[in-house]
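Colleague: A single structure is presented below for examination.
Bear in mind these aren't lab numbers, they're just calculated from the coordinates by the rules spelled out. Owing to the predicted nature of the structure, the values given are computational and were not obtained by experimental measurement. Heads up, the Cβs are rebuilt from the backbone with ideal geometry, glycines too, and the neighbour counts pull from every protein chain shown.
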Amino acid sequence: MTPPQLSRAYPRFASTVPHYLAGRPNYAPSLIRMVKEHLQLSYTDRLLDLGCGPGWLAIAFAPFVGSVVAVDPEPSMLEAGRAAAAKADVPIEFLQASSFDLGSHLGMFQAVTIGRAFHWMDRCDALRRLNTLIEPNGALVLFNDVRPDVPENIWYKHYAKLISRYTSPDARIPPDRLRHEAILLASPFNLLERIGAIERRLVPIERLIDRALSMSTSSPEQLGPLKDRLAQELTEQMSRFATNGAVVEIIESQALIARRGETDTIRRL
């Protein structure tokens, strides 16, 4: 059965860009190197970063491949990505487009990366399109981050619960929506493995506020006048767990690597 798909009208992240840059946790550099070695990427390879946002993955992989194309539907994210790529002195082609615009005009890629954006896409449609763009021995890599259940992360459940009070249920991903793994297992990219890197980071409370405002469900545009109240409550609650205005965060950057498997294992969702 095909699950309900999200609209072609992607959430707009224009109001979140400065908060995204300041507050979202970037992926561990060690994980980028592990993925590069795992996929045996070389300077003859092309990489596509789909739903690139401000280009963090595109910029991270650019030194390891021959060329990078970064795609996102939000113009302000692309503008931030171009500025960051120029600062990092890496050549990246940024294109305003969505997964619905994927086609042969983009050429073939050895690897496609998606960071925290796959859930906004019509995933089945995106995978069908990517199947025509990824080289036979290539891979799709989904990036994410999680917080292990360790004492240092005790603050996080309070943080998430507080933010959820300010978000509309209509703006959230339905909790019963199929996980990415289920969608991938029913696609040509059904050989899955996950690798990760765990780090201890020190995060100022101000950056946690930015992180909350970087999400589409609690963006400044979504919250309106409630934005300042959320910031005040976060400051008060997180101060209970902070030392010198910052909390310790144990974060695991993850990469779910999906390669093509046996065609007879594919089933239609």
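Colleague: Could you derive backbone 3J(HN,Hα) for region 124-130 from the dihedral phi with the Karplus parameters 6.51, -1.76 and 1.60 (θ = phi - 60°), listing whole Hz in sequence and x where the residue is Gly or Pro?
Modeller: 5, 5, 4, 5, 4, 5, 5
Colleague: Work out the charge dipole of region 88-130 with +1 on the Cβ of Lys and Arg and -1 on the Cβ of Asp and Glu about the Cα centre, then indicate which of Trp120, His105, Val90 is farthest towards its positive end.
Modeller: The listed residue farthest towards the positive side: Trp120.
Colleague: Separate question: Please report Leu226, Leu50, Leu234 as a ranked list, fewest other C-beta atoms within 10 angstrom at the top and most at the bottom.
Modeller: Least to most surrounded, the residues fall as Leu226, Leu234, Leu50.
Colleague: Anyone know which of Ser168, Ser76, Ser216 comes out most mobile in the 10 Å Cα GNM of the chain?
Modeller: Ranking Ser168, Ser76, Ser216 by mean-square fluctuation puts Ser168 first.
Colleague: Now a separate question. Within the set of other residues whose C-beta is less than 12 Å from the C-beta of Pro136, count the net charge using Lys and Arg as +1 and Asp and Glu as -1.
Modeller: +1
Colleague: What is the sum of charges around Val69, taking Lys and Arg as +1, Asp and Glu as -1, for the other residues whose C-beta is under 10 Å from the C-beta of Val69?
Modeller: Summing Lys/Arg as +1 and Asp/Glu as -1 gives -1.
Colleague: Here is a follow-up. Exceeding 24 Å between C-alpha atoms, which entries from my cross-link table qualify? They are Lys36/Lys161; Lys36/Lys87; Lys87/Lys227.
Modeller: Over 24 Å Cα-Cα: Lys36/Lys161; Lys87/Lys227.
Colleague: Another question about this same structure. Please give the peptides 245-253, 113-121 ranked by average Cβ packing (other Cβ atoms within 10 Å per residue), highest first, as a rough proxy for protection.
Modeller: The peptides rank, most packed first, as 113-121, 245-253.
Colleague: What ranking of Val68, Val90, Val35 emerges when the number of other C-beta atoms within 10 Å of each C-beta is taken as an exposure proxy, fewest first?
Modeller: Taking fewest neighbouring Cβ atoms as first place, the list is Val90, Val35, Val68.
Colleague: Continuing with the same structure: Each residue of region 198-211 in order: what ³J(HN,Hα) in whole Hz does its phi give by Karplus 6.51 cos²θ - 1.76 cosθ + 1.60, θ = phi - 60°, with x for Gly and Pro?
Modeller: 9, 10, 9, 10, 9, 10, x, 4, 4, 6, 5, 5, 4, 4
Colleague: Also, quick follow-up: In debye, nearest 20, what is the charge dipole magnitude of the chain about its Cα centre with +1 on Lys and Arg Cβ and -1 on Asp and Glu Cβ, if you could check?
Modeller: It comes to approximately 380 debye.
Colleague: Quick one: work out the % antiparallel among DSSP beta bridges in region 14-265, nearest 5.
Modeller: Bridges in region 14-265 that DSSP calls antiparallel: roughly 55 percent.
Colleague: Round to a whole angstrom and tell me the spacing of the C-alpha centers of region 186-203 and region 74-90.
Modeller: Rounded to whole Å, the Cα centres lie 25 Å apart.
Colleague: Counting pairs of alpha carbon atoms under 8 Å apart in space and at least six apart in sequence, what relative contact order in percent does region 14-265 give?
Modeller: 24
Colleague: Something else about it: Could you work out the mean projected area of the convex hull around the alpha carbons of the chain, in square nanometres to one decimal?
Modeller: Its average projected convex-hull area is 14.3 nm².
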